[in-house]
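Peer 1: Take a look at this one; I'll ask things after.
The values are calculated or read from the model by the stated rules, or taken from the named source; none is laboratory data. None of these values were measured; they are calculated from a predicted model. So basically every Cβ, Gly included, is an ideal-geometry build from the backbone, and we count neighbours across all protein chains shown.
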């Protein structure tokens, strides 16, 4: 789990991106990365309970051996079932990258 340190690059027009935030990391072949917006973890069910990072992490771990599309779809399916008819309050963005 990598914590974000600033606003995502390119999210807001004309927003400067400080060079001090740039970090490099070496990934092994076969690594799987999951990028997501807070709309995923903060999505709520009818009882106003958030989907949460722990649930997302468990789903990702359960499906990490699958293709990128299958991982994304498994998470979206579970999120949809969890939220049921509760209104969506934010964007739902998922990007799965397999190296």
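Peer 1: If residue 36 passes every condition in (1) within 18 Å of residue 93 (Cα to Cα); (2) at pLDDT below 95; (3) loosely packed, with under 12 Cβ neighbours inside 10 Å but one, which one does it miss?
Peer 2: Result: residue 36 passes all but (3).
Condition check ((1) surrounded by 10 or more Cβ atoms within 10 Å (Cβ to Cβ); (2) more than 12 Å from the chain's Cα centre (by Cα); (3) at pLDDT 95 or above; (4) more than 19 Å from residue 2 (Cβ to Cβ)) across all residues:
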| site | (1), (2), (3), (4) |
| --- | --- |
| 15 | yes, yes, no, yes |
| 41 | yes, no, yes, no |
| 65 | no, yes, yes, yes |
| 73 | yes, yes, yes, yes |
| 80 | yes, yes, yes, yes |
| 92 | yes, no, no, yes |
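Matching residues to (1) touching a residue at least 12 places away in the same chain (Cβ under 8 Å); (2) closer than 24 Å to residue 99 by Cα; (3) assigned to a loop (DSSP other than H, G, I, E, B):
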{"position": "16", "(1), (2), (3)": "no, no, yes"}
{"position": "29", "(1), (2), (3)": "yes, yes, yes"}
{"position": "58", "(1), (2), (3)": "no, yes, no"}
{"position": "76", "(1), (2), (3)": "yes, yes, no"}
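Peer 1: Take the stretch 43-62 and flag every residue that is closer than 23 Å to residue 4 by Cβ and either surrounded by 12 or more Cβ atoms within 10 Å (Cβ to Cβ) or under 11 Å from the mean Cα position of the chain (by Cα) (or both).
Peer 2: Listed by number, the residues that qualify are 43, 44, 50, 51, 52, 53, 55, 56, 57, 58, 59, 60.
Peer 1: Within the stretch 78-99, track down each residue that is in a loop (DSSP other than H, G, I, E, B) and at negative phi. Give the derivation first.
Peer 2: Pass one, the stretch 78-99, residues in a loop (DSSP other than H, G, I, E, B): 84-93, 99.
Residues satisfying the conditions are 85, 86, 87, 88, 89, 90, 91, 92, 93, 99.
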